[in-house]
Every structure is written in C-alpha cells, then in structure tokens.
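The values are calculated or read from the model by the stated rules, or taken from the named source; none is laboratory data. Note that this is a predicted model, so its numbers are computed, not measured. All Cβ positions, even for glycine, are placed from backbone atoms using ideal geometry, and neighbour counts span all protein chains on display. Keep in mind that these areas ignore ligands, DNA and RNA; they rest on the heavy atoms of the full protein, side chains included. Shrake-Rupley method; radii C 1.70, N 1.55, O 1.52, S 1.80 Å.
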Amino acid sequence: MNFPFYIARRYLFSKKSTHAINIISLISVIGVAVATMALVVVLSGFNGFADLVANLFTNFDAQIKVETIKGKAIPEDDPIITRIKALPEIKVATACVTDQALATYQGKQMMVMVKGVDDSFDSLTHISDILYGDGDFKLHTANLDYGVIGIGVAQQLNTSIQWNDYLHIYAPQREGQYDASNPTNAFVADSLLSPNCVFQVKQGKYDNNYIITSIAFARRLFNRQGEITSLELRLKAGKDIDKVKEQINRIGEGKIVAKDRYEQQADTFNIMRIEKLFAYVFLTFILMVACFNIIGSLSMLMIDKKHDTQTLRNLGATDKQIIQVFLFEGRMISAAGAIIGIALGLLLCWLQQTYGLVRLGNQAGNFIINAYPISVHATDIIGIFVTVIIVGWLSVWYPVRYMSKRIEK
C-alpha cells in the first residue's frame with residue numbers, strides 16, 4: 001500500500017487529541033455531501049423538464065426534418081429529395097408546405113401558420129394521440145379540404161372544436177404587382193371545413209398558431225405547385241438518427257439541411273441548456289464554499305500531528321511524502337462527501353420518480369404533470385463526481401503546501 005495513503009487513512013478514522021478536529025472533519029464531509037446531493041437533484045430536475053418537453057414535441061415533430069438552406073422551398077422532384085426518399089432507413093416520408101396566412105371566422109381574425117401535409121402525416125407523428133373531439137384526423141374528402149387547428153387557435157377564433165361555417169384563409173400573392181384600386185386581388189383566398197377535432201401539443205408555439213391541412217390546399221394557397229418547404233421523415237425501428245442525419249446532409253451537398261427534434265426546437269432546448277449550466281456553476285460555487293471546511297480541518301490536523309510528522313521524518317519519510325499524507329487526507333474527505341452526496345441524491349431522485357413527493361400544485365390537472373419530473377443521466381453523475389474531486393483537490397493543494405512549511409522539523 002502507498003505509504004502516504006496508508007498514514008492518511010489512519011488519520012482520517014483515528015481519534016484526534018482535540019475532539020473538535022473530528023467534528024470539523026465530519027462537518028467537512030457533510031458539507032461536501034450536501035452540495036453534491038444538490039447538484040444531483042437540481043441537474044436531474046432540469047433533465048426531467050427537458051425530457052418532458054421533448055416528449056411533448058414528439059407528438060408533432062418528425063424524427064428528422066429536411067429543409068432547404070437557401071430560400072423557402074425546393075422542387076419535390078429535385079434529385080436530392082428523390083435520393084433521400086429512397087434511403088433504406090426511412091419508413092415514412094411526408095412532403096410539407098408551411099407558410100404564414102390570415103385566418104378569419106365570423107368576424108374574428110388572426111395570423112396563423114398553415115401546414116399542408118401528405119396523408120401519411122398521421123403515420124409520421126403521433127398526431128392522433130393529441131386530438132380532442134368526436135372527429136378523426138382527416139385532411140380532405142373529394143374536393144373538400146379540412147383543417148385541424150390548434151386548441152389555442154380555436155379559442156382565439158372562437159370556433160370551438162367543431163365549426164359549422166367556413167374557416168377562411170388568406171395569403172398574399174407571390175407573383176404580380178399590388179393593385180391599390182382592388183386590394184383583394186393581392187390575396188389568394190380559400191376555405192376549410194371542420195373535421196370535428198382540434199389538436200393540443202401543450203406547447204404554445206403549435207397550439208396557438210398552427211393549422212394542419214392537406215398539401216394540395218397549401219400549394220394552392222401559397223402558389224407552391226410542385227414544391228415543398230420541408231420533407232419530414234420517420235425512420236425504421238432501431239435506426240440511428242444521427243447517422244441517417246449525417247448521410248442526408250452529405251446527399252444534400254450544401255443545398256439542404258437535416259435537423260433532428262432537438263435542432264428543430266433549438267431555441268427552447270438552448271435556453272434549457274443555459275439554465276442548467278448556470279445552475280451547475282452556482283452550485284459549484286457553493287461546493288467550493290463547503291470545501292473551506294476541509295481546509296480548516298486539515299490545518300488543525302497538521303498542527304495536531306506536528307510531533308507525528310517529526311517522527312515520520314526520523315523514520316525516513318521525505319517532506320514530499322509528509323505533504324502527500326495531508327493531501328490524501330483532503331482528497332479522501334472530498335471523495336467520501338462525493339460518494340455519500342451522490343448516493344443521497346440518487347435516493348431522492350428515485351423517491352421523487354416513484355412517489356412524486358414534490359408536487360406541482362395541490363389539484364390534479366392544473367399542470368401537464370402532477371409532480372416535478374426527474375431524469376437521471378449517467379453523464380451528469382460522472383461529471384458531478386469529477387467536479388467534486390477536482391474542486392476538493394484544488395481547495396487543499398495550496399493550504400497543505402503552505403502549512404507544511406510552517407511545521408518545524
């Protein structure tokens with residue numbers, strides 16, 4: 001066994017001549033453990049909310065979304081699009097035409113995003129799981145077009161789940177000049193019927209803005225015949241999304257870009273990552289403060305073991321080995337606090353996942369979920385352990401070297 005480590009271990013568990021040293025050492029371990037436990041719980045809480053939002057978007061967003069880099073649209077028969085559709089990893093490929101328009105219903109109006117999709121859209125996403133009403137997901141019948149609107153759009157236009165009148169949609173003409181004498185010619189007008197249902201993603205971006213309809217309707221409205229604004233893909237089971245995305249980007253030759261669900265909602269998830277980073281930084285500062293207890297404990301221990309160090313020197317121990325004894329002591333306190341803190345943090349996370357101890361409100365149904373979501377990621381646990389060890393090592397390195405010079409030989 002390493003000689004300095006052996007002595008440090010004996011010092012850690014042996015009774016000191018001054019009882020206060022044992023108490024301060026115990027407080028040091030508790031302080032590091034509490035800070036470590038807080039890191040585990042808080043970061044797992046951020047993970048839980050991120051996973052919850054990702055699951056909500058799963059019902060609406062495709063696994064991979066292919067968009068053109070320049071401009072809004074690309075021809076559907078473009079060789080790049082044809083090659084992407086032919087990839088063996090793809091199970092469902094849905095052509096989409098999406099743009100902004102004006103929706104009016106019985107005197108009320110609002111700006112909306114009209115998303116025209118193929119009939120395969122319900123196989124691409126889980127849209128059927130978030131429909132409310134007596135109807136089914138339906139885009140067209142013969143020459144009639146239906147619009148599945150977000151629940152927020154229904155509230156703002158006061159259509160309810162089923163509307164009896166036509167929902168009128170207006171979009172500006174893409175070609176030609178504006179005629180001030182006849183402003184109505186500057187717009188393309190069309191109308192939609194109700195499929196007797198609305199969707200609710202539980203995300204305002206979609207619920208308060210989107211109308212899903214047939215791609216034929218969107219092409220007429222936005223004058224996009226033969227074009228698509230995006231190609232949305234669902235892969236076969238077991239296929240690696242990142243690998244397929246990279247393959248699509250190579251096929252695109254800089255003309256198109258493939259985005260996974262996180263990249264499609266980059267703003268939302270970037271904010272969450274920044275919040276998580278700030279929480280990690282602040283809690284690390286608290287951990288640094290907790291490590292000052294280790295400095296006090298080691299300082300008192302070095303004074304208490306002053307005569308022992310002289311004995312060790314007489315037995316042949318070098319100054320470097322003496323320093324390593326107390327460095328190992330500080331590192332062992334940090335490691336003990338890290339292990340205990342991680343264990344307690346994981347226990348609290350398990351209790352929250354299993355029993356929902358911390359709830360969101362007193363009544364069920366007020367929020368999307370009833371209790372704070374928790375998701376433990378192995379990378380976070382490893383990162384927390386490494387952080388505690390590094391902070392603990394740095395906090396004792398200088399004080400030990402400084403105090404060792406004050407010990408009389």
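Just to be sure I understand the filter: pairs with C-beta atoms under 8 Å, separated by 6 or more residues or on different chains, first member in the stretch 370-387 and closer than 13 Å to LEU43 by Cα, second member basic (Lys, Arg). Which pairs pass? From residues that are closer than 13 Å to LEU43 by Cα, the pairs are TYR372/ARG359. Checked against (1) surrounded by fewer than 17 Cβ atoms within 10 Å (Cβ to Cβ); (2) within 23 Å of GLN100 (Cα to Cα); (3) of a type in the set (A, V, I, L, M), LEU231 passes all but a single condition, namely (1). Listed by position, the helices (runs of 4 or more DSSP H) contained in the stretch 54-173 that have at least 2 residues being among the basic types (Lys, Arg) and open to solvent by 20 Å² or more (accessible area, probe 1.4 Å) are 79-85. For the residues ILE323, ILE340, ILE333, the requirement of being closer than 17 Å to GLY31 by Cβ and either more than 38 Å from the chain's Cα centre (by Cα) or at pLDDT 85 or above (or both) singles out ILE340. Annotation note: of GLY45, GLY31, the sole residue that is surrounded by fewer than 21 Cβ atoms within 10 Å (Cβ to Cβ), in a helix (DSSP H, G or I) and at pLDDT 85 or above is GLY45.
Each row is one residue, and each column tells you yes or no for (1) modelled with pLDDT of 95 or more; (2) under 30 Å from GLY31 (Cβ atoms); (3) surrounded by fewer than 17 Cβ atoms within 10 Å (Cβ to Cβ).
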position: ASP240; (1), (2), (3): no, no, yes
position: ARG250; (1), (2), (3): no, no, yes
position: ILE256; (1), (2), (3): no, no, no
position: GLN264; (1), (2), (3): no, no, no
position: ASP267; (1), (2), (3): no, no, yes
position: PHE285; (1), (2), (3): no, yes, yes
position: VAL289; (1), (2), (3): no, yes, yes
position: LEU298; (1), (2), (3): no, yes, no
